[in-house]
Amino acid sequence: MAQESRDFAAEWADLHGHPWPTAAAQLAPDAATELAGMHDNICGDDRYYNNLFIGPSDLTAYDHESCLPVYMGGNVYLNGAVPAKKETDPLVISEEVPVPAVDVQPDGTATLRLALPEACLAPAGRALVTTDLLGKASVPGLPYEQPDGSPYRLDRDLLGTPRPQENPTPGPFQLTAPEAVTLTVWRPTRQ
């Protein structure tokens, strides 16, 4: 175990460009800002649900034993992206897809060009991300919830498009067809 920990720390440093963080994290009670305690900032307690990983992406750092559990599901890996062994049913697609591209107009409007293969959109047992799916954070024992204390239910995508209860599209946008799309992802605020 000691050798494994050193290997993980070395991989972390290589991946992130700095040593594994050792500072204690501050804990606050549910929906409060006063200090409830301090705890080591240990590895794990991460969640990856319904994401698109487009190569070169690599989650194999999670293949090492972490101090806290790691939860993964419904993720799709494209263009050589590599899932962690801990993910029980990743969708790895060997078909090369165009890399998403962001264009920023002179007025600051940003658009994203994206094309996903049909396999990304096929039913794959993906669940809608909710407070129940995310569970509770290990150290404080509290659920993931909105700032007002209401539960998370990611039933709309980044642009406000409704997501279905079952098999939402992986990634931040709910897409319905495998054709290339251009989405306006940012409009500057006019003052």
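The values are calculated or read from the model by the stated rules, or taken from the named source; none is laboratory data. All values derive from a computational prediction rather than experimental measurement. Heads up, the Cβs are rebuilt from the backbone with ideal geometry, glycines too, and the neighbour counts pull from every protein chain shown.
For beta carbons closer than 8 Å, sequence separation of 6+ or different chains, a first residue in the range 87-99 that is more than 20 Å from Asn50 (Cβ to Cβ) and a second that is hydroxyl-bearing (Ser, Thr, Tyr), there are no qualifying pairs.
Conditions (1) aromatic (Phe, Trp, Tyr); (2) more than 25 Å from Glu166 (Cα to Cα); (3) out of contact with any strand residue (DSSP E or B) (no Cβ under 7 Å at 6 or more places or on another chain); (4) modelled with pLDDT under 85, marked per residue:
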{"site": "Arg6", "(1), (2), (3), (4)": "no, yes, yes, yes"}
{"site": "Ala9", "(1), (2), (3), (4)": "no, yes, yes, yes"}
{"site": "Pro19", "(1), (2), (3), (4)": "no, yes, yes, yes"}
{"site": "Cys43", "(1), (2), (3), (4)": "no, yes, yes, yes"}
{"site": "Thr60", "(1), (2), (3), (4)": "no, yes, no, no"}
{"site": "Gly74", "(1), (2), (3), (4)": "no, no, no, no"}
{"site": "Ala84", "(1), (2), (3), (4)": "no, no, no, no"}
{"site": "Glu96", "(1), (2), (3), (4)": "no, yes, yes, no"}
{"site": "Asp103", "(1), (2), (3), (4)": "no, yes, no, no"}
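Run down Val139, Val185 and say which single residue is aliphatic (A, V, I, L, M) and assigned to a strand (DSSP E or B).
On the way: Val139 fails: assigned to a strand (DSSP E or B).
Result: Val185 is the single residue among Val139, Val185 that is aliphatic (A, V, I, L, M) and assigned to a strand (DSSP E or B).
Is it fair to say Gly108 is assigned to a loop (DSSP other than H, G, I, E, B), more than 25 Å from Glu87 (Cβ to Cβ) and touching a residue at least 40 places away in the same chain (Cβ under 8 Å)? In short, yes. Restricting to the range 83-99, name every residue that is in a loop (DSSP other than H, G, I, E, B) and surrounded by 15 or more Cβ atoms within 10 Å (Cβ to Cβ). Correct list: Pro83, Ala84, Lys86, Glu87, Pro90, Ile93, Val97.
Run down Glu145, Glu118 and say which single residue is out of contact with any strand residue (DSSP E or B) (no Cβ under 7 Å at 6 or more places or on another chain), at negative phi, surrounded by fewer than 16 Cβ atoms within 10 Å (Cβ to Cβ) and among the acidic types (Asp, Glu).
Numbers: Glu145 fails: out of contact with any strand residue (DSSP E or B) (no Cβ under 7 Å at 6 or more places or on another chain).
The conditions single out Glu118.
Scanning the range 149-191 for residues that are among the acidic types (Asp, Glu) and within 21 Å of the chain's Cα centre (by Cα), which turns out nearest to Leu121 (Cα to Cα)? Among residues in the range 149-191 that are among the acidic types (Asp, Glu) and within 21 Å of the chain's Cα centre (by Cα), the one nearest to Leu121 (Cα to Cα) is Glu166. Which of the residues spanning the range 155-191 are touching a residue at least 40 places away in the same chain (Cβ under 8 Å), surrounded by 15 or more Cβ atoms within 10 Å (Cβ to Cβ) and either on the phi > 0 side of the Ramachandran plot or in contact with a Lys or Arg (Cβ under 7 Å, 6 or more places away or on another chain) (or both)? Once the filter is applied, which keeps residues that are touching a residue at least 40 places away in the same chain (Cβ under 8 Å), surrounded by 15 or more Cβ atoms within 10 Å (Cβ to Cβ) and either on the phi > 0 side of the Ramachandran plot or in contact with a Lys or Arg (Cβ under 7 Å, 6 or more places away or on another chain) (or both), the range 155-191 yields Asn167, Pro168, Pro170, Gly171.
Here is a check on your reading of the model: is Leu133 surrounded by 17 or more Cβ atoms within 10 Å (Cβ to Cβ), within 28 Å of Thr182 (Cα to Cα) and in contact with a strand residue (DSSP E or B) (Cβ under 9 Å, 6 or more places away or on another chain)? Spelling it out, it is not the case that Leu133 is surrounded by 17 or more Cβ atoms within 10 Å (Cβ to Cβ), within 28 Å of Thr182 (Cα to Cα) and in contact with a strand residue (DSSP E or B) (Cβ under 9 Å, 6 or more places away or on another chain). Out of all the residues in the range 150-191, which are more than 18 Å from Leu52 (Cα to Cα) and touching a helix residue (DSSP H, G or I) at 6+ places or on another chain (Cβ under 6 Å)? Hits for the range 150-191 are Pro151, Tyr152.
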